[in-house]
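The values are calculated or read from the model by the stated rules, or taken from the named source; none is laboratory data. All values derive from a computational prediction rather than experimental measurement. Glycine also receives a Cβ, built like all others from the backbone with ideal geometry; neighbour counts cover every protein chain displayed. Note: accessible area is taken over every heavy atom of the protein model, side chains too, but ligands, DNA and RNA are not part of it. Shrake-Rupley method; radii C 1.70, N 1.55, O 1.52, S 1.80 Å.
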Amino acid sequence: MLQGFLPMFLMTFCICLFLVMMQFLWRYIDELVGKGLEISVIGELFFYAALTMVPMALPLAILLASLMLFGNLGEHFELTALKSSGISLLKVMSPLIVLISMVSVGAFFFQNNVLPPAQVKMWTLLFSMRQKSPELEIPEGVFYDQIQGYNVFVKEKNRETGVLHDMMIYDMSSGFSNSRIILADSGKMKFTHDKKHLSLKLWTGEQFENLRDQQLARGGVPYRRESFTYKEIMIPFDANFNRMDESNMRSQYIGKNIEELQHTIDSVNVRLDSIGRTYSTMLLDQRYAGISTYSTVYKDGKSQLSKMPLPQVSASCNIDSLFAGKTIRDRQRYVSYAIERARQMQTDLEFKSYTTADDKRTIIRHQIELQKKFTLSFACLIFFFIGAPLGAIIRKGGLGMPIVVSVFLFIFYYIIDTAGFKLARDGRLEVWQGIWASSAVLLPLGIFLTYKAVNDSDVFKMEVYVDKFKKFIGRSAVRHVEKKEVIMDEVDSLVVVEKTGALCDLVQEFMNRYRRRQSYHDYWLHGYDREALTKITEALEDLVEYTSNSDRQLVINKLMDFPVLKSLLLYYPVRNRYVAYAIMAVLPVGALGYYIGTREQRFLIDDLKTVLKVSDELIKLHNEKSD
């Protein structure tokens, strides 16, 4: 098992890692192209990105490899041979269970010790690449704005010599009000040796410039025009790749292990508790309606709040009457003061909530990262106990069906995991609920598939579900009659013809009674006659039981053409008149039940027609024997 699983696991892991790396490349390709980055820098970024993508590729690889391995074993009947030898499926899986358990333990240490520094390196490189200036490649016929503070237009350029013709340069590095416009017949650009400046040599042109810093006393703006045959200007343009300091990224949640995450959570919680106590003290110490309910007292060198007794009022007063007794100006002043006071308190409370919101977000993000240290290991075990039993059930190897099933299950897992992560991040769910939601959903599936595979249940056979559905609606039964090896009672053809004739009379009488579809009123109040249908069923079963003693295989085959009549509640739904009227009054329920019931009644009439047809053929067979 190990020899078959390990190469397959390594292959699927490389494939899955390549796929997620392509997704990473397409996501950040705009920030890598056109920067003139060295191959070594891009390779370093891809290496650290591959490490950060392991938590996504590893569970999918385990799922796909286990599906392929057990699918191949089932397709070539090797699992059947093992089970026939007395080896259970769990015993077959036991070497791989030990291996996957070891992989899960290794995944935990990878999440805790390897992934944080890898994420720090990757994001530091990525942010450094974002800040790097793009590679200088000025196009023809359009304005180029990738040089900060400058817009450059080139009508034509010589790609062999690098000379630019008919240049127009807008210099806005000193602000729009002090902009310069330079026109030149030709020019040439090159970097300085330190690659921090761009040297621009211009030939035969003019320069136009506003001198707003030298504004005249009358309010005019000096204007300068310069003609030149040769001019060289230096433009600040850092073309080097400068790495950011990793210390800032290392202090984020992505660069911490379990111990550091827990330490940060505890520290921020202590700070939040301290801020909460301070705010609660300020609220309690605040005066309302000019009355202080608490006062600050000092005891043993420490301040604490002491509740003050409320002042006693000798007589009650009506606030509304006092307010109505004031002048309009006073009332407006009171209302304005109250509104302003309420707005001030609202603003103050919102500001205080903003100071604690950042700390709460920090705690949530650290708690999410802490839970993720364990979810990868658990996901590896779950996907193995889904993939291995599923491969044993579907019995399809190769890269066809396993890939389809694996992708579907992983997309289902990824959707639940992403939704749970966002709900936990936004505070709508507890962190452990959101992060473990995907595992909680897939764990019952793994247990169910393992149980079914161990007990050789037909989970993916469509015929099983079709038969169950047919049994539910009463149309599943197929009559099975076998020829008896020892016949105790001989079959008399005259008796068979007599029983068959009596059955046909009952069926014909029933069909004459219900030639047309019942009306909405008749269906709910009467339905089909239960007693008549019971007599037909008993006569049919008696005929089949008697005729099954025949020694003729043709007769036995003909008996199997008789349908099995069911006594469904839909044929005669309600016996109580008042209940029937109540259902009829609720039109949506009554109409739906009427449609389904009359449809089943039509199926019953079709079965009765089949009974008449088979009965005629059975009578002909016995008449031929008598002749």
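Looking at segment 226-283, the accessible area is 63 square angstrom per residue; that uses a 1.4 Å probe and ignores ligands, DNA and RNA.
Using the structure shown, list the pairs from K196/K360; K195/K256; K155/K196 with a Cα-Cα distance above 31 Å, or answer none. Listed pairs above 31 Å: K196/K360; K195/K256.
Across the accessible surface of segment 1-91, with the other protein chains kept in place and a 1.4 Å probe, carbon and sulfur atoms take up 71 percent.
Straight Cα distances below 13 angstrom link K620 to the aspartates and glutamates E498, with same-chain residues fewer than 8 positions distant left out. Sorting R329, R552, R277 by accessible area puts them as R329, R277, R552; the probe is 1.4 Å, largest comes first, and only protein heavy atoms count. Lys-Lys pairs in segment 476-574 that are eight or more residues apart or on separate chains and whose Cα atoms lie under 24 Å of each other come to 10. Rolling a 1.4 Å probe over the protein heavy atoms gives segment 1-142 an accessible area of 48 Å² per residue. Within straight-line reach of K422, meaning a Cα separation under 15 Å, sit the following aspartates and glutamates at least 8 residues removed in sequence or on another chain: E369, E430. The string of couplings for segment 590-595 from the Karplus curve (6.51, -1.76, 1.60, θ = phi - 60°) is x, 5, 5, x, 5, 5 Hz, one whole number per residue in order, with x for Gly and Pro. So which aspartates and glutamates can K609 reach, going by Cα to Cα under 15 Å and dropping same-chain residues fewer than 8 places off? In chain and number order, the partners are D505, E509, D561, E600, E617. Projecting label points 7 angstrom from Cα along Cα→Cβ for S227 and L2 puts them 8.9 nm apart. Rolling a 1.4 Å probe over the protein chains gives V163 an accessible area of about 40 Å². Surface composition of segment 526-587: carbon plus sulfur atoms contribute 57% of the solvent-accessible area (1.4 Å probe, protein chains only, all chains present). Just the protein heavy atoms count here, and of the accessible area of segment 311-366 at 1.4 Å, carbon and sulfur take up 57 percent.
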